[in-house]
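So the structure is just underneath, and the comments pick up after that.
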Amino acid sequence: MSAIIKFRCSGVGKLMTEPRSKSEGPLSVGAKTYVRELAAQAIFGVDFEIDGKALAKGIECEDESIALYNRVYGRALVKNTERKTDEFLTGESDLPDGDSVTDIKTAWSVATFPLCEDDIASAQRTLYQWQLRAYMMLWDCPSAVLAYCMVSTPEHLIRWEDPSIHAVDHIDPVKRVTRLFYERDAEKEQAIIERVQLCRDYYNQLADEYAAQTR
């Protein structure tokens, strides 16, 4: 029986990468790789952990970044813990805010903090854009905000790096938040739905092939 997999908003950008040639078919190599990873996780009953210093800081300092965002923009937003799911997607937006959703990203250091959109690597920016578009679908809201926040890095994560690029509390809070704005787009949402359906078919194909070879 085919599984009706629902993809996480955080992974939608991986599904949306475009094939580089007709020989790849409707799904890019990157999209297929990601779907195979999800299939393997389901088959073996484990989640593949992604490790890294930047991710560790993002998790550990999320509340501090939200507090910084609230301080700069005079808000009182709190971390969302509600997971929403529709026919295609599942996700937890960081900060639902009326007619908008805000996603918080914590910069690793002053050296990696983006002063503007062009400072964010194109591939990374694309992944985040699709993530936010998926959140807009789930929360049925017309706009979204990607907010990069710069807070001091916990000492145990810095290790051998120069601590001066990690201690930022003395910097004006206004200078430590960079925002990107997105508006809802029906065509892009339709593209997400179509790509999810293709990836779902590929996922089920993989599951069927694995089941057949293990009988």
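The values are calculated or read from the model by the stated rules, or taken from the named source; none is laboratory data. Source: prediction; values computed, not measured. As a convention, Cβ positions derive from the backbone with ideal geometry for all residues, glycine included, and neighbour counts pool all protein chains shown. All accessible areas refer to the heavy atoms of the entire protein, side chains included, with ligands and DNA or RNA removed. Shrake-Rupley method; radii C 1.70, N 1.55, O 1.52, S 1.80 Å.
When P(r) over Cα pairs in 10 Å bins from 0, in percent is calculated for this entry, the matching label among (1) 8, 34, 38, 17, 3, 0; (2) 8, 29, 32, 21, 8, 1, 0; (3) 8, 23, 20, 16, 13, 10, 6, 3, 1, 0 is (2).
Placing +1 at every Lys and Arg Cβ and -1 at every Asp and Glu Cβ, with all other atoms neutral, what dipole size does the chain have around its Cα centre, in debye to the nearest 20?
340 debye
Note on Q213 and R20: their simple-model spin labels are 2.5 nm apart, each label 7 Å out from Cα toward Cβ.
How would V72, V78, V101 rank on accessible area, largest to smallest, probe 1.4 Å? Could you put the intermediate results ahead of the total?
On the way: V72 35, V78 110, V101 0 Å².
I get V78, V72, V101, largest accessible area first.
Prolate is the label for the range 126-173, because a/c, from the alpha-carbon gyration tensor with a ≥ b ≥ c as root eigenvalues, is 1.5 or above and a/b exceeds b/c. Extension gain, R8 to E92: 0.36 nm times the residue separation minus the Cα-Cα distance gives 29.4 nm. Taking every protein chain into account, the 1.4 Å probe leaves D63 with about 110 Å² of accessible area, to the nearest ten. Per-residue ellipticity at 222 nm computed for the chain from its helices equals -13000 deg cm²/dmol, with DSSP H segments shorter than 4 residues left out and the rest contributing -39,500 (n - 2.57).
Find the relative contact order for the chain and round it to a whole percent, using C-alpha pairs within less than 8 Å whose residues are 6+ positions apart.
Values: 308 pairs, mean separation 56.6, N = 215.
This gives 26 percent for the chain.
Amide H contacts of V151 (H built 1.01 Å from N, in plane; Pro and chain starts excluded): A107 sit under 5 Å, all sequence-distant by 5 or more or on other chains.
With a ≥ b ≥ c the root eigenvalues of the C-alpha gyration tensor of the range 175-215, is it rounded (a/c under 1.5), prolate (a/b larger than b/c) or oblate?
Oblate.
Once the C-beta distance of V46 and E161 is scaled by a Förster radius of 30 Å, the resulting FRET efficiency is 0.40 to the nearest 0.05. In sequence order, the range 177-184 has phi-based couplings of 9, 10, 10, 10, 10, 10, 10, 5 Hz under the Karplus curve 6.51 cos²θ - 1.76 cosθ + 1.60, θ = phi - 60°, and Gly or Pro positions carry x. Taking 13 Å as the cut-off, the amide N atoms of the range 98-133 that come nearer than this to a point 7 Å along the Cα-to-beta-carbon line of K79 belong to 104-106.
Projecting the Cα positions of A144, Q205, W108 onto the charge dipole of the chain (unit charges on Cβ atoms of Lys, Arg, Asp and Glu, taken about the Cα centre) puts Q205 furthest along the positive direction. In order along the range 95-107, the phi-based Karplus estimate (6.51 cos²θ - 1.76 cosθ + 1.60, θ = phi - 60°) of 3J(HN,Hα) comes to 9, x, 8, x, 8, 8, 10, 10, 10, 9, 10, 9, 5 Hz; Gly and Pro are listed as x.
By its C-alpha gyration tensor, with a ≥ b ≥ c as the square roots of the eigenvalues, how is the range 113-215 shaped: rounded for a/c under 1.5, else prolate for a/b larger than b/c, else oblate? If you can, show how the numbers build up before the last one.
Values: a/c = 3.60, a/b = 1.63, b/c = 2.20.
In terms of gyration-tensor shape, oblate.
Taking A76, A167, A56 in turn, the Gaussian network model of the chain (Cα-Cα springs below 10 Å) assigns the largest fluctuation to A76.
In straight-distance terms, cross-link reach from K79 covers every one of the lysines whose alpha-carbon lies under 18 Å from its own, apart from those fewer than eight places away in the same chain; here that gives K57, K105.
List residues of the range 189-215, by number, whose backbone nitrogen lies under 19 Å from a label position 7 Å along Cα→C-beta of T126. Correct set: 189-199.
With 29 Å as the limit on Cα-Cα distance, the pairs of K6/K175; K84/K175; K6/K188; K14/K84 that go past it are K6/K175; K84/K175.
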